[in-house]
Amino acid sequence: MSETSPAIEVRNLVKTYGRITAVNQVSFSVARGEIIGFLGPNGAGKSTTMRILTGYLPATSGTALVCGLSVASQADAVKRCIGYMPENNPLPEDMRVSEYLFYRGRLKNLARGRLSARLDDVLELCDLKRVRHRIIGTLSKGFRQRVGIAEAVLAEPPVIIMDEPTIGLDPHQIQLVRELIGQLRGRMAVIISSHILPEIELTCDRALIINQGRIVAAGTPAQLRREVIGRSRYELELAGDAAALPALLAAVDPALTVSPGAGPDASGFHHLILSTPREDDLGEALLGALAADGRFRLRSLSRTQPSLEEVFLAATRRSWDTVDNAAGRK
Amino acid sequence: MKHYFTILSHELRMLLVSASTYITAVLFLALMGYLFVILIEMYTKSAQDTPPAAVYFQLFWLPVWFMVPLLTMRCLSEERRLGTLETLLTAPVTTAEVVLAKFSAAYLLYLALWLSTGGFFLILHRFADDAQFLDSGPLLGGFVFIAVSGLMFVAIGVFASSLSGNQAVAAIISFVLIGLFVFGPWLALNKIAFLNLESMQGTRAALDYLQVFHHLDDFTRGILDTREMLIYLSGTTLALIFSVFSVEAKLLHS
Ligand SMILES: Nc1ncnc2c1ncn2[C@@H]1O[C@H](COP(=O)(O)OP(=O)(O)O)[C@@H](O)[C@H]1O
Ligand SMILES: [Mg+2]
């Protein structure tokens, strides 16, 4: 287990179930201490990829290395490097929280003496102190999820894999889980999957978008925006003669296009969205031009970031287009 | 095998807090107590030539048939149903350790339940003054038979549990498999006419050799035949190996 190898390295991974190709030529790598979001719609192959990484499922072809160890041939060593929380966070119903964590710690080769200290640490970290003697079956979903996370980080493995850790939680609990994962930054490489995006956006250093078994986009949230959407957008609320607007905008930036939003509202303001491929901020120029012109009254102007949601939709749509084109060409 | 004892003690603990264990135990002890009372009444009415222990163990199949499925049905199928098999097998443990530990836990409980019926004989020993009741040979032989054959029956139950994520289905499979093993050879020998043909001599001998009740007779008469033990030990090994395969094969398709 050399310290320099990336936490996870996957090359040309393929997994087929009979005729279904769940994972198709996936390659990516995760640096140590990095938090990676693994995004994709249901059935994209997220869980399958994660299960291959944990050694639970064998890959059909390709290589997967965890801490430089091959998942296929050094399964036992790999298991010791990974803390894994499967989809739906399965837990035994009739054990107490501390009992369960103790048992899992023993299975993960923690010595008895160290384990009890470590147990206190993770209970503290995951805010489970209050429920440590409760039966897991009686816990609320938020607590169960934190028990799953506590279990994953228990042995302080260099790699944490969590499959949809925020699924089915309310916004407050999602935020708690997110903070919890954020605390692991730098200490452990974390890979979390989700099909709901804002949570990934805030927690992750980098996101991989996967659709139909292929990686369709990868990068930091900002890179993804640029790469996939490729345009900056401005939203403004404006009263006045809408027909005269394009001429005025062309003076600021010829490439600006207007798409009509809602309006006019009761006080005569239109809601408009402008978009341009230019990267630099046009806010000041726009504001100046519109304020100088007496025909318009401006109420608000803002540059909007496309949400990762839109990036995600655009990326998955793009991948469907390529799939369709490929099918059409045949 | 580093984690064998960790999993074993966990499994024992889980068995001891589970309601179904106690239901099984109560049913078993009630049934055996009832049978024992009938047995004693029979012996007090008229003298018999076989010792009571031998007759008592003749009925072993009845509790085994019900108890083993009840004790083992949960062990793997529950983990599969809850999905905890995935967390268990992604910890640094091997499938063989898991199967063996679960098997051992169920087997220890099985033995403990049977040994507790030894109490019946203790009471009898204390209060009966008739020497014929007190022959400890058949009793010991009977318990050795239960211990040896139990290995295989419990292993069959574990195997059945590895086949399905549904406890009830697992219980039915082990019920059928155990029934087949206990009664199959006897039924085949008595009911299938063409086995009587001259050319089927070999098959007849093999089936005869597999008859559980013959083994029991031998054991209670104090004959500990290593070949008979071997049947059970190899049956146990096979069932456990199949369980390991079944758990791993299920992963390939899950
Ligand atoms: N055991 C299985 N047998 C057959 N197909 C499967 C099996 N498990 C998953 N799949 C298929 O593989 C694809 C990817 O599934 P999965 O990895 O669970 O997606 P995700 O976790 O991204 O929702 C899906 O089309 C799914 O139907
Ligand atoms: Mg999934």
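The values are calculated or read from the model by the stated rules, or taken from the named source; none is laboratory data. In this text the structure is predicted, and so the values were computed from the model without any measurement. Here Cβ is always computed from backbone atoms with ideal geometry, including for glycine, and neighbour counts include all displayed protein chains.
Name the residue, out of B:Val55, B:Val37, B:Val93, B:Val98, that is over 19 Å from the mean Cα position of the chain (by Cα) and surrounded by fewer than 20 Cβ atoms within 10 Å (Cβ to Cβ).
Criteria check complete, one pass: B:Val37.
I want to confirm something. Restricting to the stretch A:78-92 and keeping residues that are within 18 Å of A:Val190 (Cα to Cα) and more than 16 Å from ligand 1 (Cβ to nearest atom), which single residue is surrounded by the fewest Cβ atoms within 10 Å (Cβ to Cβ)?
A:Arg80
Do we find a residue being within 14 Å of another protein chain (Cβ to nearest Cβ), in a helix (DSSP H, G or I) and more than 12 Å from the chain's Cα centre (by Cα) anywhere in the stretch B:102-112? If you could, list the steps in order and put the result at the bottom.
If we filter the stretch B:102-112 for residues that are within 14 Å of another protein chain (Cβ to nearest Cβ), which is where we start, we get B:102, B:105.
Those still in the list that are in a helix (DSSP H, G or I) too: B:102, B:105.
Adding the requirement that they be more than 12 Å from the chain's Cα centre (by Cα) leaves B:102, B:105.
So far as the stretch B:102-112 goes, yes, one or more of its residues are within 14 Å of another protein chain (Cβ to nearest Cβ), in a helix (DSSP H, G or I) and more than 12 Å from the chain's Cα centre (by Cα).
Taking into account only those residues within the stretch B:58-90 that are among the hydroxyl-bearing types (Ser, Thr, Tyr) and within 12 Å of chain A (Cβ to nearest Cβ), which is nearest to the chain's Cα centre (by Cα)?
Once the filter is applied, the top-ranked residue is B:Thr84.
For the stretch B:201-224, what are the residues that are of a type outside the set (Ser, Thr, Tyr) and under 19 Å from the mean Cα position of the chain (by Cα)? Break it down stepwise before answering.
Residues of the stretch B:201-224 of a type outside the set (Ser, Thr, Tyr): B:201-202, B:204-208, B:210-219, B:221-224.
Passing the criteria: B:Leu210, B:Gln211, B:Val212, B:Phe213, B:His214, B:His215, B:Leu216, B:Asp217, B:Asp218, B:Phe219, B:Leu224.
With a cut-off of at least 1 residues that are within 14 Å of chain B (Cβ to nearest Cβ), name the strands (runs of 3 or more DSSP E) lying wholly within the stretch A:3-107.
A:8-17, A:20-30, A:61-66, A:82-85
What is the residue count in the stretch A:50-65 for residues that are crowded, with 23+ Cβ neighbours inside 10 Å, under 18 Å from A:Gly18 (Cβ atoms) and either within 10 Å of ligand 2 (Cβ to nearest atom) or hydroxyl-bearing (Ser, Thr, Tyr) (or both)?
Residues flagged as crowded, with 23+ Cβ neighbours inside 10 Å, under 18 Å from A:Gly18 (Cβ atoms) and either within 10 Å of ligand 2 (Cβ to nearest atom) or hydroxyl-bearing (Ser, Thr, Tyr) (or both) within the stretch A:50-65 amount to 1.
Can you find, within the stretch A:149-172, the residue that is nearest to ligand 1 (Cβ to nearest atom) among those that are at the interface with another protein chain (Cβ under 10 Å from one of its Cβ atoms) and assigned to a helix (DSSP H, G or I)?
The qualifying residue nearest to ligand 1 (Cβ to nearest atom) is A:Ala152.
What is the number of the single condition among (1) away from chain A (no Cβ under 12 Å); (2) modelled with pLDDT under 90; (3) farther than 19 Å from B:Ser243 by Cβ that B:Ser18 does not meet?
Of everything listed in (1) away from chain A (no Cβ under 12 Å); (2) modelled with pLDDT under 90; (3) farther than 19 Å from B:Ser243 by Cβ, B:Ser18 misses just condition (1).
Given B:Leu108, B:Leu122, which one is surrounded by fewer than 22 Cβ atoms within 10 Å (Cβ to Cβ) and free of Cβ contacts under 8 Å to residues at least 40 places away in the same chain?
On the way: B:Leu108 fails: free of Cβ contacts under 8 Å to residues at least 40 places away in the same chain.
Only one candidate qualifies: B:Leu122.
Every residue, every condition in (1) small (Gly, Ala, Ser); (2) within 21 Å of A:Pro86 (Cα to Cα); (3) within 16 Å of ligand 2 (Cβ to nearest atom); (4) not assigned by TED's automatic domain parsing to the domain that holds A:Pro158, yes or no:
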position	(1), (2), (3), (4)
A:Gly182	yes, yes, no, no
A:Arg185	no, yes, no, no
A:Cys204	no, yes, no, no
A:Val216	no, no, no, no
A:Gly219	yes, no, no, no
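Please work out which one of (1) modelled with pLDDT of 80 or more; (2) surrounded by 13 or more Cβ atoms within 10 Å (Cβ to Cβ) is the condition A:Pro264 fails and give its number.
So A:Pro264 meets the others, but not (1).
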